[in-house]
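This report concerns only the one structure given below.
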Amino acid sequence: MSTELFSDTLHAVSQALRVPVIIILLFLIVVSIVCLGEIIVDTFTVRRKLKRNMPMLLADMEGKKTEELYHVIKDSQILSRYKQELLQLLDNKERTDDTLCTMAQSSLNKEDILAKKSVEITDIVSKLGPMLGLMGTLIPLGPGIVALGSGDTATLSASLLVAFDTTVAGLVSAAVCSVISIVRKRWYRGYSGLLEAQMECVLEAIREESSEAKRQPTAQA
């Protein structure tokens, strides 16, 4: 009797999850559609802008002095936060090389954190989608199998329809968000590499000016 009680309780719990699972799957589909729209917009706005201007800025920075670098960076068409991080190094050029390297690494780490946050939602959906889709498949199969045993084909058909629909919903939302995560991660790796190269140009210019400043008193003596 206790076994039947446990089985009935488990069955009641699983059937109680049926509606919440379907609602969450519908929500995941909406999220995946929104994220797909965002990446399409970014492709034709931010992505196109950075794809052209980030390498252009790096080429313009080659061989420049710190004063020239300041104007080149300020007049560039990159993201404002990238400008701020590069200009921050120039504003603190009087500090030691170790301090500047630490500041540069801190900025890169901050960009890495922002990149990870930007794909958190799509990463979560890509993992939850298949799991909830499987739950939505298995939950209606119980009543469907019972209906098959009693010859109730209408209930069986309805249960199978829900099972297939939830599977498709989970897989589609997961597939869309998984592709979005992959694309965004590739973009951010490229941006991070270019930003690191730009920071290295700034640091190299600061080092050269510092070396020249140290050599001048010796030459005058």
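The values are calculated or read from the model by the stated rules, or taken from the named source; none is laboratory data. Every value quoted in this text rests on a predicted model; they were computed, and no experiment measured them. With ideal geometry, Cβ positions are generated from the backbone for all residues, glycine too; neighbour counts draw on all protein chains shown. To get the accessible areas, we keep the full protein, side chains included, count just its heavy atoms, and leave off ligands, DNA and RNA. Shrake-Rupley method; radii C 1.70, N 1.55, O 1.52, S 1.80 Å.
Which entries of K116/K185; K51/K83; K110/K185; K74/K117 have Cα-Cα distances beyond 19 Å here?
K74/K117
So if each residue of separation counts as 0.36 nm, and I subtract the Cα-Cα distance between T45 and A158, what length gain in nm does that give? Write down the numbers at each step before the final one.
Numbers: separation 113, 0.36 × 113 = 40.68 nm, distance 4.51 nm.
Additional length available on full extension: 36.2 nm.
Determine the share of the range 117-221's accessible area contributed by carbon and sulfur atoms, expressed in whole percent, with a 1.4 angstrom probe.
Details: 3950 of 5920 Å².
Here it works out to 67 percent.
Taking only protein heavy atoms and a 1.4 Å probe, what accessible area per residue, in Å², does the chain have with all protein chains in place? Before the final figure, lay out each step's value.
On the way: 13620 Å² over 221 residues.
Ligands and nucleic acids excluded, the result is 62 Å² per residue.
Compute the separation of the alpha-carbon centres of the range 125-184 and the range 55-70 and state it in Å as a whole number.
A separation of 55 Å, based on Cα centres.
List the GluC sites (Glu not before Pro) in the range 78-184 that DSSP assigns to loop (not H, G, I, E or B) and whose Cβ has at most 13 other Cβ atoms within 10 Å. Which are they?
Values: sites: E85, E94, E111, E120; in loops: E94.
Within the range 78-184, the qualifying GluC sites (Glu not before Pro) (loop, at most 13 other Cβ atoms within 10 Å) are E94.
Report the gain in length on full extension from L171 to S118: 0.36 nm times residue separation, minus Cα-Cα distance, nm rounded to one decimal.
Numbers: separation 53, 0.36 × 53 = 19.08 nm, distance 2.15 nm.
Residue separation times 0.36 nm, minus the Cα-Cα distance, leaves 16.9 nm.
When all C-alpha to C-alpha distances in the chain are sorted into bins of 10 Å, what percent of pairs does each bin hold, rounded to whole numbers?
With 10 Å bins starting at 0, P(r) equals 7, 23, 19, 15, 12, 10, 8, 4, 2, 1, 0.
Based on the Cα atoms of the range 89-176, what semi-axes does the equivalent ellipsoid have, where each is the square root of 5 times one gyration tensor eigenvalue, given in whole Å with the largest first? Mind showing how you got there, number by number?
Numbers: eigenvalues 646, 15, 5 Å².
The equivalent ellipsoid of the range 89-176 has semi-axes of 57, 9, 5 Å.
Could you give the nm distance between label points at S80 and M131, where each point is 7 Å from its Cα heading toward the beta carbon?
Taking the two extended label points, one gets 3.8 nm.
Only Lys, Arg, Asp and Glu count, each charged at its Cβ (+1, +1, -1, -1), so figure out the dipole size of the chain about its Cα centre, rounded to 20 debye.
Working: 24 positive and 26 negative charges, 80 e Å.
Approximately 380 debye in magnitude.
If you roll a 1.4 Å probe over the range 1-106 with all protein chains in place, what percent of the accessible area is carbon or sulfur?
Working: 4380 of 7090 Å².
Using a 1.4 Å probe with all protein chains present, the range 1-106 comes out at 62 percent carbon and sulfur.
Any idea what diffusion coefficient the range 136-185 gets from Stokes-Einstein, in µm²/s, Kirkwood Rh on alpha carbon pairs, 25 °C, 0.890 mPa s? Kindly include the intermediate steps, with their values, before the conclusion.
On the way: Rh = 12.1 Å.
In µm²/s, the coefficient rounds to 202.
Counting only complete DSSP H runs, which helices of the chain cover 30 Å or more along their long axis at the Cα atoms and score a mean Kyte-Doolittle of -1.0 or above? Present the calculation step by step, with values, prior to reporting the outcome.
Details: long enough: 18-44 (40 Å, 2.41); 97-118 (32 Å, -0.57); 120-149 (44 Å, 1.15); 153-220 (100 Å, 0.23).
Within the chain the helices that satisfy the rule are 18-44, 97-118, 120-149, 153-220.
Can you tell me the relative contact order of the range 79-221? Whole percent, Cα pairs under 8 Å, sequence separation 6 or more. Don't skip to the answer; put the middle values down first.
Values: 106 pairs, mean separation 47.0, N = 143.
Normalised by residue count, the contact order of the range 79-221 is 33 percent.
Give the calculated FRET efficiency between R215 and E38 to the nearest 0.05, with a Förster radius of 35 Å applied to their Cβ-Cβ distance. Please report the intermediate quantities before stating the final value.
Values: r = 52 Å, r/R0 = 1.49.
Efficiency, from the Cβ-Cβ distance: 0.10.
What are the radius of gyration and Dmax of the range 1-103, computed over its Cα atoms and given in Å?
27.4, 85
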